């Protein structure tokens, strides 16, 4: 399906540490 | 978290001694939410760029210029900012623009979106969302409404849509929205 993300969802990832 | 599209970030720095295209540089491409933030968090905010610089975020395969086959029949929703807004609002409005395009906020019309551009200019900065078909009235209007809402612009503020064909051939004073 189409991957639609709202701004709150996207913002939740801003300061998430990258997975290694 | 994979995005619907793969995106390319471009940087333009004006150097009059070189051809326009030689001043345009592809920075990187990304296709996940995580990679978007990695790029965003490690690039200079627009308000810190010098006048004459642009950032462009375009779908992979579309070059950030009118001449690209997917842009040439299109146009842009243009938000012109006053000098004072660089200090207060520029970075915020650019981020909201990015979230709006990578999040595919325009529903079925998201496929009409080619990219977004921010121009840092002494006379006043500009932010725009580029779409691929200026004659697709329904799509253009829908995208404009959603975009205006994403930016949180007051209803009475008017934003204009300009066809690239007009921007390329007409002077600013003759340019119609």
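Here the sum of -39500 (n - 2.57) over DSSP H runs of 4 or more residues, divided by the residues of chain B, equals -8000 deg cm²/dmol at 222 nm, to the nearest 500. Hey, in the GNM for chain B with a 10 angstrom Cα cutoff, which one of B:129, B:140, B:27 fluctuates hardest? With Cα springs under 10 Å in chain B, the top fluctuation among B:129, B:140, B:27 is at B:27. Quarter the surface of the alpha carbon convex hull of region B:115-177 and you get the mean projected area, 5.1 square nanometres.
Above 24 Å, the calculated P(r) of the protein assembly as shown contains 37 percent of its Cα-Cα pairs.
Just tell me how shielded B:33-40 is by partners: mean number of partner chain Cβ atoms within 10 Å of each residue's Cβ, no decimals.
Other-chain Cβ atoms within 10 Å of each residue's Cβ, averaged: 4.
Rounded to whole Å, give me the distance from the Cα center of region B:135-152 to that of region B:18-88. Centre-to-centre distance over Cα atoms comes out at 19 Å. Overall form of chain B: rounded. Here a/c, set by the Cα gyration tensor axes a ≥ b ≥ c, is under 1.5. If R0 equals 35 Å, the separation of the Cβ atoms of residue B:6 and residue B:82 corresponds to a calculated FRET efficiency of about 0.55. Annotation for residue B:24 and residue B:157: the two label points, set 7 Å from Cα along the Cα-Cβ direction, are 2.8 nm apart. Comparing B:115, B:75, B:52 in a Gaussian network model of chain B (Cα springs below 10 Å), the most mobile by mean-square fluctuation is B:52. GNM remark for chain B: springs join alpha carbons under 10 Å apart, and the peak mean-square fluctuation among B:38, B:19, B:116 falls on B:19.
Here, each number is a calculation from the coordinates, and none is a lab measurement. Just so it is clear, the model here is predicted, and its values are computed rather than measured. Note that we place each Cβ from the backbone using ideal geometry, even for glycine, and neighbour counts take in every protein chain shown.
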